[in-house]
Structure formats: C-alpha cells, structure tokens
Amino acid sequence: MSQSTTPTADGVRDAYVLGGNRIPFGKVGGAYARASNQDMLTAALDGLIARHGLQSERIGEVVGGAVLKHSADFNLVRECVLGTTLDPRTPAFDLQQACATGLEAVVTLGNKIRLGQAESGIACGVDSTSDAPIAVSKGLRRALLTAANAKDTATRVKAFLKVRPKDLAPDAPRTDEPRTGLSMGEHQAITTARWGVTREAQDEVALRSHHNLAASYERGFQDDLVTPYRGLVRDQILRPETSAEKLAKLSPVFGKRLPTPATMTAGNSTPLSDGASAVLLGSREWAQERNLPLLARFVDAETAAVDFVHGHEGLLMAPVHAAARLLKRNGLRLEDFDYVEIHEAFASVLLTTQAAWADDEYCRTELGLDGALGTIDPDRINVNGSSLAAGHPFAATGGRIVAQTAKQLAEHQREHGTPARALITVCAAGGLGVAAILESVPAEGGN
C-alpha cells in the first residue's frame, strides 16, 4: 500500500484525519428540542477543541453546514467558530450538499491540505429537525414585502387585502423531492422493490446496526468520539435490546401504494434526528508539531449524480456510481477494502447498493465496467453501527462516519500491525452521492 508523506512531483502531499467529535444524536423533539443548530455545532466543535488541545489555535479553515437552517444562520459555521475557544481569526464558510454535506466538507478540506492551501482544517455538520425553519407562504411573503416597501398606508392595506386564509398556513420544510413530489422513503421503496430486497434482509441490517453500535459503546470505542450534551451520553435512538421479533412486528410506512408488498418500516428506516459532528484534518507536519495522532490518510473521493427524475435510476443510487468511478481511478476492487461504510439512510440502501455492485449486467450497462464490481463480506460493513442506530441529523452524518472509520483504521493498524483501507459512501437528496477512500497510517519505521 502506497503511503507517501512528502509532496509529489506535482506538488500534492498527504492529508490526514487526526480526530473527531460529536454530540450524541437525539430524536426529534427529544433532548435537543430547544437547541439550535448553532448551539449543537458549537458544542461539537468545543468538544473537538478540548480533546485535541486547540484552544486559541488559528485553524486553516472550518468548513461545514446544515441542510435545514434559518435565514439568520446565513453564516452559521463562522458564527459557531466565534462562539468557541478557537482563535477568532480562524476563517470558516458554509457549504451544503444535502445528506452528503459532512463528507463533502471533509473532501474539500482534505484537498486544500493536499494542495498546500491549508495546514489544518475542521470539517463539520449539524442539523435539527426539532428546530426546523418554519417559513411563511409565498402569498403572505409577497404581501409583507409589498407592505414593507410601500410609501403610503393605502398601499400597505391593499397588499394585505390580497392575503387569503390559505396564505396564513406555515410553510414547513419537507423531505419531498421538488421534481417528483415523492418523499425520500417513497423513492427508496421503488428502488427496494426494483431490486427485490426482502423485509427480512432489511430488518437484519437494522438489527446488526443497533447491536454493532451498542457493542462499540460497551467496549469504549466511542469514548473519545462522543461528548455528552444536555443530558445525553449515548445516541437517543440506539436500541441495544431490539430483536428480529420486535422489528418484524412493525408495520410498513413506505411503499404501501406499490403493487409489490411494502417492506420499509420505521425500524429499518432512519428517524428524523438532531445532532452535530466535527472532524479534525491536517498535514503530517502540522499534526506532529502538536503531537496529534495520524488516524487515517485521506486518499481520494468522487461525487456522482443520477437521473432519478425520469425513473432511470433510484434516487439514492448515486454512491454506487461514485464508488465505481473512484475504484477504477485508484485501481482498486471491492475486495481490497477491509472496511466499508455505507450510510444507512434506509436499510435497503445498503442492500440495493450491494446488489448493484454484484450485478454483472447492471455494472456493464450502468457503470460502464467489464463486469460486476464484486461483493463485500457483511462482517466488513458498518462494523461499529451506522445511521439506523445512531440517527441521521443530515449534515452531521458524514463527520460521524469519517471520524468513526478513521479511528477503526488506526485501531486495526495498531492491533494487527498491518495496513487497512476503508471505503465510505453517503447518498443524498437530489440523486447525489459521495464516495471516499481512507487508509491507515503505519507507525514511523513500522509496517
């Protein structure tokens, strides 16, 4: 496995994941019902800063965002930075790529560090469905703006006379795709049926996710990745005691209008949730100057989009395409990965992704490959649990996965003395998907 540590002939050097932190994820209306995005992200950043001794440090850049945010949060990440103990001269900016926001922030900063544009960075994400931005209707908004710009009382009164009772209803954010009107769950139900994924297989994925995450807490794996917040010490959605029997009793919630039996339930779908995460990245030199560990090397990433609007591809299948292109560019096969992290937006996302990669005809016609991409040992997938058990505060998920994966790679390297490699995929609304590769970092002079 190549492990370059100095700039190459084209000036590109390595970027590393140095640590991560998040607050426990809460269920909607739960422990964080009165916490804002700024509250939660500031808490996640403060935990990262304290754990890595970064107080008063000027970080190269802090990049992140939220999928759902109030208009007042137009500069959310910078405002959060100003609320922490970081040097206030630390620059920051918001980005947003739906559920892939957190991973895209990691990719953005990883590439800046590789190009020498920054020595360090913090990628982050946050989302609150408990404090979702409620907007006014288009009709009321037009009346308010017209009245605000009016030069006399008569014009203001005339503007409000155009408001109808229906205009007074609040405009809450929705998970429906604007171009299809279908929710993400209904889109995935179509994909699930198309690939013939069974209810039993989905429940098995959900059960494994809860048990794996619970086991990771029990063995202390999450101790330096999660900072307690507002009374929560573990993810509020985690159900260590759940069983196949309990999951089998839940009624389907998506796909009930399809001709095939509905299989997607609240148990094998991620619930709406609140939370924040942050990932520390840096160059080798910056980390060594501060005696920070190199958990994993950021190798490469790829973003893809699919045409779900015309029904050609499933809404959440873009990571399948992104990973195929990423592996081809890096000369890798699926069996070259020791760990694979597939975001569990729904259990069936994990299963349809695997089915697509294993399908010879699909890989030839849709991915442009010579044949099937391959299969993955289930024991290598989401080994410390994922979104079905932790929850899915949209923009915070990527940071949770990257931090968890980087620590798993470092642990593998330390315990086995051999290098390890991980593939991460995150699907997102709008038919988007991101895939990234991380590798463990051998000890100096070691393997």
Reported to the nearest 10 Å², residue 71 has, with a 1.4 Å probe, an accessible area equal to 110 Å²
Of 358, 429, 159, the most mobile residue in a GNM of the chain (C-alpha springs, cutoff 10 Å) is 159
Heavy-atom accessible area of residue 339, protein chains in place, probe 1.4 angstrom, given in Å² to nearest 10, is 40 Å²
XL table 27/69; 27/256; 27/407; 138/166; 27/138; 138/158; Cα-Cα > 22 Å flagged, in table order, is 27/256; 27/407; 27/138
Once Lys and Arg are counted +1 and Asp and Glu -1 for all other residues with Cβ under 11 Å from that of residue 280, the total becomes +1
Sorting 56, 36 on solvent-accessible surface, 1.4 Å probe, most exposed first, gives 56, 36
Using the Cα gyration tensor of region 19-80, the equivalent ellipsoid's semi-axes, largest first and to the nearest Å, work out to 22, 16, 9
By the C-alpha gyration tensor axes a ≥ b ≥ c (rounded if a/c is under 1.5, else prolate when a/b exceeds b/c, else oblate), the shape of region 365-447 is oblate
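Express the carbon and sulfur contribution to the solvent-accessible surface of the chain as a percent, rounded to the nearest whole number, probe 1.4 angstrom.
Here it works out to 52 percent.
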Given a 1.4 Å probe, the accessible area of the chain per residue, as a whole number of Å², is 42 Å²
Ordering 197, 63 by the accessible surface of their heavy atoms, 1.4 Å probe, largest first, yields 197, 63
For region 377-387, in residue order, the Karplus 3J(HN,Hα) values (coefficients 6.51, -1.76, 1.60; θ = phi - 60°; whole Hz; Gly and Pro = x) are 4, x, 6, 9, 9, 6, 5, 10, x, 8, 5
With no solvent term and unit scatterers on the alpha-carbon positions of the chain, Debye gives log₁₀ I(q)/I(0) at q = 0.09, 0.13 Å⁻¹ of -0.58, -1.15
Sorted largest first, the Cα spans of region 150-293 on the principal axes come out in Å as 69, 56, 32
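Evaluate the relative contact order of the chain (contact order divided by residue number), counting alpha-carbon pairs under 8 angstrom at least 6 apart; express in whole percent. Write down the numbers at each step before the final one.
Numbers: 1014 pairs, mean separation 114.0, N = 447.
Reported relative contact order: 26 percent.
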Percent relative contact order for region 100-179, counting Cα pairs under 8 Å at least six residues apart, stands at 29 percent
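With a 10 Å radius around each residue's Cβ, average the other Cβ atoms per peptide and rank 207-218, 388-399, 138-149, highest first.
Working: 207-218: 19.7, 388-399: 30.9, 138-149: 14.0.
Ranked from most to least packed, the peptides come out as 388-399, 207-218, 138-149.
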Once Lys and Arg are counted +1 and Asp and Glu -1 for all other residues with Cβ under 12 Å from that of residue 220, the total becomes -2
With only helices counted (DSSP H, runs n ≥ 4, each -39500 (n - 2.57)), the per-residue ellipticity at 222 nm for the chain, to the nearest 500, works out to -10500 deg cm²/dmol
Once Lys and Arg are counted +1 and Asp and Glu -1 for all other residues with Cβ under 12 Å from that of residue 392, the total becomes -2
Expected field for residue 364, accessible surface area in Å² at 1.4 Å probe radius, rounded to 10, holds 120 Å²
The rounded separation in angstrom of the Cα centers of region 285-307 and region 196-235 is 24 Å
Amide H neighbours of residue 15 at under 5 Å, excluding residues fewer than 5 places away on the same chain, with H built from the backbone geometry, are 298
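The values are calculated or read from the model by the stated rules, or taken from the named source; none is laboratory data. Note that the structure is a prediction, hence the values are computed from the model and not measured. FYI the Cβ positions are ideal-geometry reconstructions off the backbone, even for glycines, and counts take in every protein chain you see. Ligands, DNA and RNA are excluded from the accessible area calculation, which covers all protein heavy atoms including side chains. Shrake-Rupley method; radii C 1.70, N 1.55, O 1.52, S 1.80 Å.
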